[in-house]
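One structure below.
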Amino acid sequence: MKAGSLYKKIQALGSEQQAWLLGNDTDDALRHGFDRKRVVHPGQGGTPIAPHQRLPVWNDLLLHKKEIAPRAVYIHIPFCSSKCLYCGFFQNISQTELIDRYTAALIKEISYDADKIGVQSQPINAVYFGGGTPSALSCDNIRDLLGAVKTMLPLAADCELTFESRIHDLTDEKIAACLAGGINRFSIGIQSFNTQVRKSIGRIDSRGVIQERLQKIAALNQAAVVIDLMYGLPYQTASIWEDDIMTQFDSGIHGGDMYQLNVFENSELKQAMLKGKIPASMSTSEQALLFAKAIEIVKHKPAVHRLSICHWSVNSRERNVYNYLSKSGCDILPYGSGAGGALSGYSAMNERDLTAYLQRINSGEKSIAFVMRQAEGSAFDYAVSSQMDRGYMDGYEVKKRWGIDHVELLEPLLREWQRRGLVEIDGSVVTMTIAGQFWYVNLTQAALDCLSMLRSERPQQIKQEAIAAQG
Ligand SMILES: C[S@@+](CC[C@H](N)C(=O)[O-])C[C@H]1O[C@@H](n2cnc3c(N)ncnc32)[C@H](O)[C@@H]1O
Ligand code: SF4
């Protein structure tokens, strides 16, 4: 890879493609740095493995001893008691008997790989029960599943075990079952504390109920309590968003995430907006102002530490291990319908269709539905993108590990970002401005695209996803 050639390669692109990499020439980079968000998750893709080879390839990866490196497990619970209008993660409505069968299948799936050297040769540093809604499981399901995880998987002594939940079905009994089984972190989707905002997107409980529950769970003093907030929701004015940010700090929680609302083209939210049932979504430039407001508030709270651009801790209870590991490209063993994972340079996805998943597990095999060999240079790309997820680039650190300084390689791109007010450059360290942080997904995808252009002679393909255009 040669630094000098990047300038020529960018110059050879059409003006629209150049704008996706460099951003817009504007003196208001926060609101207009790019036309819109380009992708939901930055990445480079790879080479799909042929259907008949998927399971053999995955099983083979598990037959090899793993290097000393942090690892994680992802366990997917694809059930929700109701569907939220904005959500792209919904799979199945909760049904007790089906969830019981699913839990039994999950335990079988874990047992299929449990004795393999690829699973047992290194400790697991984080287990994430995600969804959907793990709090849709019954107390018995929780006890059985956590029992299986603890007995069959080599958990590190300080393993972070997260249980994603929503307040509505996280009862006292379920919390007790989680804590008894070893859960030490609850990640709870709140989205907004404002009752009108919540109802408009299909959330059930009112502000009073969620505040009381959050305080109670945090006061147990047994596990980290972290919440998700979203900005750009219908009816969520700037003052409601300010109140959302402030209220979380009064709720006793240990950490928080904030997500920019993505309005997916085929979502119920988009349909409701088109039919005029709820107000049209906020523009991206309006969302940018909400992002900047949140950062401003957090800046004036010295106890709050930003662990990444969109995630903070309020005290040392929140470590954010799983999210950090998954962004750094470590191995993740996936279990459950629709679960995604990665192993030794390959990514995989289990059957998303519940019937197909149950059939395959009950016929005695892992339900891998898709395997892809990650693109050339993906380990290096993860080193770059995990720094950018935290708002910076440190060429010196990357060079120590990889022998290549990405800041040097990407210099023509970074100089343009600096001119547009998206980053500041200090030698081999690049720091994103507030504007750069708001657009960090576009910046990260652009950096990965440029690294890929430097590796290849082929023309660049600009990745785009179906997020509604928000002017
Ligand atoms: C996989 S969801 C599970 C959350 C949990 N089931 C709940 O409802 O609280 C995790 C988080 O993704 C975020 N999310 C879901 N849909 C989103 C969208 N369209 N745009 C941005 N964030 C979204 C929400 O903040 C949500 O809490
Ligand atoms: S936000 Fe949570 S509860 Fe709502 S549909 Fe998505 S996964 Fe289900």
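Taken together, the values in this text are just the output of simple stated rules run on the coordinates, not laboratory data. All values reported here derive from a predicted model rather than from experimental measurement. FYI the Cβ positions are ideal-geometry reconstructions off the backbone, even for glycines, and counts take in every protein chain you see.
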> Which of the peptides 176-184, 319-327 is most tightly packed, and how do the rest follow, going by the mean number of other Cβ atoms within 10 Å of each residue?
Replying inline: 319-327, 176-184
> Say the cut-off is 31 Å between C-alpha atoms; which of Lys216/Lys299; Lys8/Lys293; Lys83/Lys116; Lys9/Lys37; Lys150/Lys400; Lys83/Lys366 go over it?
Replying inline: Lys8/Lys293; Lys83/Lys116; Lys150/Lys400
> Near the amide H of Ser165, under 5 Å away, which other amide H atoms are found, from residues 5 or more places off or on another chain, if H is placed in the peptide plane?
Replying inline: Ser187, Ile188, Gly189
> When you count, for each residue, the other Cβ atoms within 10 Å and take the mean per peptide, how do 142-149, 265-272 rank with the highest first?
Replying inline: 142-149, 265-272
> Given H placed on each backbone N at 1.01 Å, which residues far from Val73 in sequence or on other chains put an amide H within less than 5 Å of it?
Replying inline: Ala126, Val127, Tyr128, Leu333
>> What is the distance in Å between the Cα centroid of region 298-376 and that of region 11-54?
In response: 22 Å
> Tell me, what ³J(HN,Hα) does each residue in region 226-235 have, in order and in whole Hz, if you take phi through Karplus 6.51 cos²θ - 1.76 cosθ + 1.60 with θ = phi - 60° and put x for Gly and Pro?
Replying inline: 10, 10, 9, 10, 10, 10, x, 6, x, 6
> So which chymotrypsin sites (Phe, Trp or Tyr not before Pro) in region 124-214 pass both tests, a DSSP loop state and at most 11 other Cβ atoms within 10 Å of the Cβ?
Replying inline: none
> Can you work out ³J(HN,Hα) from phi for every residue in region 183-189, in order, using Karplus 6.51 cos²θ - 1.76 cosθ + 1.60 and θ = phi - 60°, giving whole Hz and x for Gly and Pro?
Replying inline: 4, 10, 7, 10, 10, 10, x
>> Which of Ser316, Ser165 has the fewest other C-beta atoms within 10 Å, and how do the rest follow up to the most?
In response: Ser316, Ser165
> Could you give me the ³J(HN,Hα) list for region 263-269, computed from phi with Karplus coefficients 6.51, -1.76, 1.60 and θ = phi - 60°, whole Hz, x at Gly and Pro?
Replying inline: 9, 6, 3, 9, 7, 5, 4
> Check Val225: other-chain or 5+ apart residues with amide H under 5 Å from its amide H, H built from backbone geometry?
Replying inline: Phe186, His254, Gly255
> Counting other C-beta atoms within 10 Å, which of Met273, Met388, Met282 has the fewest, and how do the rest follow?
Replying inline: Met273, Met282, Met388
> In what order do Phe264, Phe90 fall by count of nearby beta-carbon atoms within 10 Å, going from fewest to most?
Replying inline: Phe264, Phe90
>> Could you work out [θ]222 nm for the chain from helices alone, using -39500 (n - 2.57) per DSSP H run of at least four and dividing by all its residues? Round to the nearest 500 deg cm²/dmol.
In response: -12500 deg cm²/dmol
> Straight-line reach from Lys277: which aspartates and glutamates have a Cα under 12 Å away, not including same-chain ones fewer than 8 places off?
Replying inline: Glu268
>> Below 8 Å between Cα atoms, with a sequence gap of 6+, how large is the relative contact order for region 279-422 in percent?
In response: 15 percent
